[in-house]
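Taken together, the values in this text are just the output of simple stated rules run on the coordinates, not laboratory data. Quick caveat, the model's predicted, so the values are computed rather than measured. Glycine gets a Cβ as well: all are built from the backbone with ideal geometry, and neighbour counts include every protein chain shown.
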4 protein chains.
Amino acid sequence: MAGNSFGQIFKITTFGESHGAAIGVIVDGCPSNIEIDLDFIQNELDKRKPGQSKITTQRKESDTCQILSGVFEGKTTGTPIAIIIPNEDQKSKDYDHNKDTFRPSHADYTYQTKYGIRDHRGGGRSSARETAARVAAGALAKLFLKQKGIDVIAHVSSVGFIDSPEVTTSNVDDFVKLRESNIVRCADAETADEMIHLIDSIRKEGDTIGGKVTCYIKNCPVGLGEPVFDKLHADLGKAMLSINAVHGFDYGSGFDGSTMRGSEHNDAFEAHENGKISTKTNYSGGVQGGISNGMDINFRVAFKPVATIMSNQETVNSAGEAAEIKGKGRHDPCVVPRAVAIVEAMAALVIADHYLRNQIYK
Amino acid sequence: MAGNSFGQIFKITTFGESHGAAIGVIVDGCPSNIEIDLDFIQNELDKRKPGQSKITTQRKESDTCQILSGVFEGKTTGTPIAIIIPNEDQKSKDYDHNKDTFRPSHADYTYQTKYGIRDHRGGGRSSARETAARVAAGALAKLFLKQKGIDVIAHVSSVGFIDSPEVTTSNVDDFVKLRESNIVRCADAETADEMIHLIDSIRKEGDTIGGKVTCYIKNCPVGLGEPVFDKLHADLGKAMLSINAVHGFDYGSGFDGSTMRGSEHNDAFEAHENGKISTKTNYSGGVQGGISNGMDINFRVAFKPVATIMSNQETVNSAGEAAEIKGKGRHDPCVVPRAVAIVEAMAALVIADHYLRNQIYK
Amino acid sequence: MAGNSFGQIFKITTFGESHGAAIGVIVDGCPSNIEIDLDFIQNELDKRKPGQSKITTQRKESDTCQILSGVFEGKTTGTPIAIIIPNEDQKSKDYDHNKDTFRPSHADYTYQTKYGIRDHRGGGRSSARETAARVAAGALAKLFLKQKGIDVIAHVSSVGFIDSPEVTTSNVDDFVKLRESNIVRCADAETADEMIHLIDSIRKEGDTIGGKVTCYIKNCPVGLGEPVFDKLHADLGKAMLSINAVHGFDYGSGFDGSTMRGSEHNDAFEAHENGKISTKTNYSGGVQGGISNGMDINFRVAFKPVATIMSNQETVNSAGEAAEIKGKGRHDPCVVPRAVAIVEAMAALVIADHYLRNQIYK
Amino acid sequence: MAGNSFGQIFKITTFGESHGAAIGVIVDGCPSNIEIDLDFIQNELDKRKPGQSKITTQRKESDTCQILSGVFEGKTTGTPIAIIIPNEDQKSKDYDHNKDTFRPSHADYTYQTKYGIRDHRGGGRSSARETAARVAAGALAKLFLKQKGIDVIAHVSSVGFIDSPEVTTSNVDDFVKLRESNIVRCADAETADEMIHLIDSIRKEGDTIGGKVTCYIKNCPVGLGEPVFDKLHADLGKAMLSINAVHGFDYGSGFDGSTMRGSEHNDAFEAHENGKISTKTNYSGGVQGGISNGMDINFRVAFKPVATIMSNQETVNSAGEAAEIKGKGRHDPCVVPRAVAIVEAMAALVIADHYLRNQIYK
C-alpha cells in the first residue's frame, strides 16, 4: 500500500534514505536452490554506482552489498533474502540549502506536503540512491532468469537529440561488450563518442540533459503476462515509470505505431519446421494481448534531464515565500549511463515475477 | 494474481467474455454514501459503446448496465458494487474462421498457448469489450471524484499523422462540449474534420489506423501518489498500458523531455498571495517524485491500429501449419474515438484509488 | 482492502446483500481446463440452502446459480468465473423492525457506525446469505482438488453440550453417506438423533443454540502452506473465523494441546517401505511449521448461537434511546447443520489456493 | 505470496534465520510524525528475549535492535522503517544432530520437502527467533496506538491444567505491574506461583508443557474491521495462529459459546447519558459482524508444548531411514511467559492496520 514493494511472487521491498545508515531490499519469493554469485551482484551494482567516469556524479560510494538472510551454503533457501548497502560518502551539509527551500522539479515540496516531514539530506527517500537496492534485487532476478536461458539487455539509445542507429542484439555477449566499451553505455561506438562529448560539454556548463534507454528481453518463452490489467508490457511500463526521472515508456511499434495502418503493422505468423511459430515482423514488441509471444521483447524508456543544475533558480521556501536556490553537491549531468543497470534490473524483476506467475498452472 | 483486478483501495475486478452471457465488474472499496446517478453511468458507457457513428464498428450493443449490489436507496453502502452488462448482438458465427487459426497481432496464439484452451468467439476475454466494464467502474470513480472537485477529461489528439494543436482545458464543460460536437472526439473542430475524413477513407479500404488520446486531470490536490514503486504516473501508465492496443505512454514533457536540458525543463515554483504554491511551467506534468503537486496532470496514450483488417493475411493454424485469414465481423477502423471514455475511466480509477490511499494518514 | 476477497491465487470476491437483486462471486485464478459439473455445484449449494428441514430456517430459496463467464464448452478457460445467485424469497417487511433499532449481537450497530448507512433488510451484507456465494466458489475449488485426489469433509461434532464421539474418516464416501443420512449432518447416527431432538425443542422455545463443526482434509500432499505468516493452519483459521457466528478455531491437539507435555504431544516420525514418511500420532493435525506434512489435517470450528430469538430483548435505537426488539422473520435455531457446507467450502478454497501457491517453484 | 508479510496498510515483512547474520523487519505504512521511543522498543524486545529467568531458555541474546531507515530526528517520516537485530549467541554445533535427521513435531521435515534445502541451524527460518522481529514491529504499532489511547495487554492465563481466575484489566498500569511482578507473566500472583513451580519441575524432567495467553484490547473505537473476510477477529485469529506453537484461538464467548443458547448469549445494548452505547454483557468479545463495537476485545491463544525435549525420540533421517534423536541446545520448557510479548505485538499490528484501514473513508 505504501508503495515500497514491487512484484507479486518474486516480490521486493526496498528501504532506506540517501543519507541514513543504509539502504537495502528484501527479496521475498525467490525460488530455493538458486546459486548466489556475489561477484555478479556486486558487478551489477558497480554499473549503477556513482563516480564511475567523468560523465557521472563524482560522489564516491563503493555500494558494497551484504546478504543478511535467505542464503545457506551459497544457495537460496526459499526464505526472504535481505540485502543491505551501507551509506558511506555522505556530505549531508551539501543539503542544508534545501532544508527549508524546495528544489524545483525535485520531490521536496510534494514529500513535505504529503508527510508533513521529510529527510531533506540528499533527497532522503526520493533520492535515486534507492535504485541501488533495486539493482541488487534485479541481480538475483537475473541469476534466476539465467537458469531459464532468458537475457535482459539494455543500452543508451539516445542523449538529447543524438540517437543511436538500431543495434544488433543477436549475440548478447557482443552487445554487452560493445556497450561496456564506452562510458556512456551505448552499443554503437560512433554514437557513443558523440553522446559523451555532448554530456561532457553540458556538464561543464553546469547543466544537465535527458536521454533514452532501449531494453531487449531475449528468449522469453511464450505465455508470460496476465491478460487484462497485468499485461506483461503494462507491468514493464509501470516498472520503468517507477524509476526516478522517467517520463515515458513505449514498446514494440510504440508511439510510432499510432501513425501506422493495420495492414503494415500486423505481424504475420509463420510456422517453422521445428514446430516453432514466429512472426515475420515484430511491431508487437514480443507481446500480444498482454502475453509474451516468444519473439524478442523490446521497449524504450525516456528520462528527463536531472533537476539539479548549478545555476540560480526561482523557487519557494517552506514558509511559502519566494526564494532562490542553486544546485550543490555532486550530481549527474545525465542519468542514462547509470540508468542502464536500473532498467535491466527492473525488467528482470518483471520477467522473473511473471515467469513464476505463469508456473502456477503448469 | 490472475490479473483481472486493478487498484488497491478503490479496487475493481472485471469478468466476462465477448460472446458469453454477460460482462461485468465488481467495485470493492467505493466509499459509502456516494449518490449513484444511473444516467451518468449509462452516458459514460454510451461514449464507449459500438455503433455510434460511421467511423466506429457497426456492431450494435445497447450496453445497458444493471447494478446488483452495494447501492441502497440511491446511495453506496460501502459494500461491493456489482455491475453487469448483458451481451446482446453476438454473431458468434463471424468467428468460426479463427477457431483453429490465429489472427495476426491478436491474442489468439498467446491465449491458446498459455491456457491450452480459449473462447475464440469475438476474441473471448481478450476482446476490447472487456473495457465496457472498466467504463462502468470508472463512472463510479468519477462520481466520487466529482464530490472532491476533481475532473478527468481526455480527447483524441492524433489520428495517424494528423495532430491536434494544443487545446484549452481551462473550462471543463466547454472542452467536453467541443469534443462531443464531433464523432472523432477531438476538441479542435478543424482537426476533427481531417481526422474523420482520414478514418472514413481508411475504413473504405478495409484498413485501420492508429492514434493518440491526451488526458488531463484538473484540480488534483497535492499529495496523491506513493513514492518509489506506486508513483502516481507509474500507476497511470500501467492503467493506460493495460488498455487493449496501447503501445505507449508519456506524461508531462514525456519523450520530448528526453531531449531537453535541465535549465529549460525545471519548473520554477512561485508563491501566491492565497498561500498556494504553483509552478511557472509544467514539464513535470503535475507530478513530482511520483506525487501530485497540484498542477494539472497531463499524459498521452498511443494506440496501434486495430489488428482486424479486411484483406488476406498470412498466418498459422493451431496444427502449426501455414494458413490464410481475412477479417470478418464488424470492427473499428480506428479505436481512439471510443477509447476516450476508456482512458478517462482508467485515469479516474487511478486518481480515486490514490485519493483514498492518501486519506489513510489524515 | 475492503475485505470482500479471499485467497492469493485461487481468489474469490463475493458481493451482494440479503435482499438485493442477487448475490454472487468472482473466482479469479482457477486453472484452465477444469471440467465444470453444474450439478455438483448446485448440490453443494443445496446443502447450505434454507428450508431443508424442520431444524433449519423455513425461508425458501432455491439458490439456483448461474455461471456468467470463464467457462467454455464445459471447461474453465483460466479467465474469471462469475457466478450469480438471484435472491427470491425476500420478505423485506419482516425487517422493518430493525430499520432504526439495533438487533442485539447482530451487525446492525457496527455497520451503521462504520458506514453511516446500511441496508437493514435481512441484515444486508452482514447476512449469512453471503456464504452461499462462498459455497459456490468452494464447489469449484473442490472440483479442482478432486483432480488432485484431495478430499475435504466435515460434520457436526457438537450441538450445545452434546458431543459426537470420534468418527472414522477412512472411507470418504461412507463418511458423507452417514452424515447425509440425518438432518443435523453428524456422522454418528446416535448422536445425530440427540442433536436433532435438542435443536427441535429449542426451536419450539423460540431460542437458539450453538455447536461445533469438525473438518478433515484427506490426502493433502506434503508442502502446502507458507511459513511465517501464511501458515496453512493460520489461513484455515482466518477462513473459518470469517464465517458468520464463528467464535473459535483450533487444529490438531488444539486447546487441549495447551495442557499437554512435549513428551506426549510430539509426533514420532516413521518411515515406510514405499518411501513414505508418516507420524505415529497426529497431534500436529497434519501441519508442522505451518506446512502440511502429509497426514490428515483436522480442525474444529465453534459457532455461537444464532442471535435472532423470538423473545423481547433490550436494545437501543438509532437515536440512541432505549428500545425493545423481538426477532421476526424465519431463522435457524442452530446454524451448524447448514454450516457444514460452508466450512468445507472455505477449507477447499484455502487448500486449492495453497496448492497453487506451492506450484510456483516446481 | 511467500508469506513473510503481514498487514495491508501498516504492513510488516520479516526476514532472517536463527543462526544467520541478523533477523529484522521492514515496517511499511507506519504514518509519519510518530515519535520513536527506542527504549520502549527495546523494553518490548526484552520481554521476549531468551535468558530472562530460570523458566526460559538459557540462550543469551541481548536482542539489541537498530533502526536503519524511516526515522529522522526522532520521528517517523512515512517511509519504510527497517529494523535489524544481529544474532549473537549462536551455537550452531548444537544443531549438527538435526542436519540430516528430522526433529519430531518441528518443521525440519516439511521445510526440507517443500524447498529441497534448509538451514538446519537452530531451525533456520522456522525458529521462534523470527518473532523478535515481530515484537520490534509491534512496538512501533503500540507507539502509534498509544497516540489513539488504545492499549493492548496480555498475560499467561494457563499453564498445563493450571488456570488463572479472571483478572481485572480496568487499570492497565496495575495489570502490567502485577503481570511483570512474576517471571511467568500471570496477572494473578497466586496462580503465577503455581505455574512457575510446575514449569520448573517439568524443566528438570527435560520435558515441556503448553499453556494459554489471554489478550485484551482496551479503548478500541467502534468501526474497526472489514466485514466478510477481513473481520477483525479473523485477522486477530490469523495473526495468533501464525505464531510458532499456537494450536487454537477463540474470542468472546469462544468455544464455550458453542454450548450456549441465544437467550443467554445475546449482548443487550444500553444507551448512556453521554451518548455512548455499550452492551450489558460482552459475549461478543468486542466484535460484532466482524467490526469492533467499542467494548473491550478479548481473546485466548493456545500454545502446544515446545517440541524440543531432552529424551530420545523415534524419527526418520533425510535418507528415509528410521533414526533416533534427542534434544540439544538451550530451549524453553514452556513458551507462554515469553509469548505474552509476541501476542501483544501481533494484536497491536492487527489493530493498527485496521485503524488505518478504517481511516480511508473518513
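How large is log10 of I(q)/I(0) for the stretch D:5-359 at q = 0.06, 0.07, 0.10 Å⁻¹ when the intensity is taken from the Debye formula with one equal scatterer per alpha-carbon? Reported log10 I(q)/I(0), two decimals: -0.23, -0.31, -0.63. Taking other Cβ atoms within 10 Å as a rough exposure proxy, D:ARG330, C:ARG300 sort from fewest to most as D:ARG330, C:ARG300.
Against the main long axis of the alpha-carbon atoms of chain C, helix C:38-48 sits at an angle near 60°.
Among D:TYR111, B:TYR115, the ranking by other beta carbons within 10 Å of each residue's beta carbon, starting with the fewest, stands as B:TYR115, D:TYR111. In terms of surrounding Cβ atoms within a 10 Å radius of their Cβ, A:PHE72, C:PHE229 rank from fewest to most as A:PHE72, C:PHE229. Of the trypsin sites (Lys or Arg not before Pro) found in the stretch B:209-281, the ones in coil according to DSSP and having at most 12 other Cβ atoms within 10 Å of their Cβ are B:LYS276, B:LYS280. Computed from backbone phi with θ = phi - 60° and the Karplus coefficients 6.51, -1.76 and 1.60, the 3J(HN,Hα) list for the stretch C:117-133 is 6, 7, 7, 6, 5, x, x, x, 6, 7, 5, 5, 4, 4, 5, 4, 4 Hz; x is used for glycine and proline. Ordering A:SER157, A:VAL287, A:ALA107 by Cα displacement along the dipole of chain A toward the positive end leaves A:ALA107 in first place; charges were set at the Cβ atoms of Lys, Arg (+1) and Asp, Glu (-1). Across the options C:GLY210, C:ASN298, C:VAL27, the greatest Cα extent toward the positive end of the charge dipole of the stretch C:5-359 (unit charges at beta carbon of Lys, Arg, Asp, Glu) belongs to C:VAL27. In this simple spin-label model, placing a label point 7 Å from the Cα along the Cα-to-Cβ direction at both D:LYS99 and C:ALA322 gives a separation of 7.5 nm. Dipole size of the stretch A:219-362 about its Cα centre, with +1 on Lys/Arg Cβ and -1 on Asp/Glu Cβ: approximately 260 debye, rounded to the nearest 20. Basic side chains Lys and Arg get +1 at the Cβ, acidic Asp and Glu get -1 at the Cβ, and with that the dipole of the stretch B:1-129 about its Cα centre reaches some 540 debye.
Sequence-distant contacts, meaning Cα pairs under 8 Å at least 6 residues apart, place the relative contact order of the stretch B:85-127 at 38 percent. Karplus-based coupling profile of the stretch A:145-150, in residue order and whole Hz: 5, 4, 4, 9, x, 9, with θ = phi - 60° in 6.51 cos²θ - 1.76 cosθ + 1.60 and x standing for Gly or Pro. In chain D, helical runs assigned H by DSSP with n ≥ 4 each contribute -39500 (n - 2.57); averaged across all residues and rounded to the nearest 500, the mean residue ellipticity at 222 nm is -8500 deg cm²/dmol. Reported to the nearest whole Å, the Cα centre-to-centre distance from the stretch C:311-362 to the stretch B:177-254 is 46.
In the protein assembly as shown, inverting the average of 1/r over every pair of distinct C-alpha atoms gives 32.7 Å as the Kirkwood radius. Amide H contacts of D:SER5: C:PHE229, each under 5 Å away and 5 or more positions distant or on a separate chain (H built 1.01 Å from N in the peptide plane; Pro and chain starts excluded). Using Cβ point charges alone (K and R +1, D and E -1), the dipole size of the protein assembly as shown about the Cα centre works out to roughly 0 debye.
Listed cross-link partners B:LYS11/B:LYS276; D:LYS47/D:LYS218; B:LYS75/C:LYS60; A:LYS148/B:LYS114; D:LYS54/D:LYS177; D:LYS60/D:LYS238 are compared with a 24 Å cut-off, the Cα-Cα value being larger for B:LYS11/B:LYS276; B:LYS75/C:LYS60; D:LYS60/D:LYS238.
Couplings 3J(HN,Hα) of the stretch B:82-87, computed from phi: 9, 10, 10, 10, x, 7 Hz, in residue order, whole Hz [Karplus 6.51 cos²θ - 1.76 cosθ + 1.60, θ = phi - 60°; x for Gly and Pro]. Distant-in-sequence amide contacts of B:ALA187, defined by a placed amide H-H separation under 5 Å and a gap of 5 or more residues or a different chain, comprise B:VAL156. Over all pairs of different C-alpha atoms, the stretch C:215-290 has a mean inverse distance whose reciprocal, the Kirkwood radius, equals 14.0 Å. Checking every one of the GluC sites (Glu not before Pro) in the stretch A:245-352 against DSSP loop status and a limit of 13 other Cβ atoms within 10 Å picks out A:GLU273, A:GLU321.
With an 8 Å cut-off on Cα pairs and a minimum separation of 6 or more residues, tell me the relative contact order of chain D in percent. Once divided by the residue count of chain D, the mean separation gives 22 percent. Here each label is just a point 7 Å from Cα along the line to Cβ, and for C:SER53 and C:LYS204 those points are 1.7 nm apart. Per residue, the Cα convex hull of the stretch C:183-223 amounts to 86 Å³.
Taking amide H positions as modeled 1.01 Å from N, with prolines and chain starts lacking one, the residues under 5 Å from D:THR279 and 5 or more places away or on another chain are D:GLU270.
Would you please state which residues of the stretch D:121-139 a label at D:SER92 would reach in this model, taking the label point 7 Å out along Cα→Cβ and a backbone N cut-off of under 17 Å? The answer is D:121-127, whose backbone nitrogens lie closer than 17 Å to the label point.
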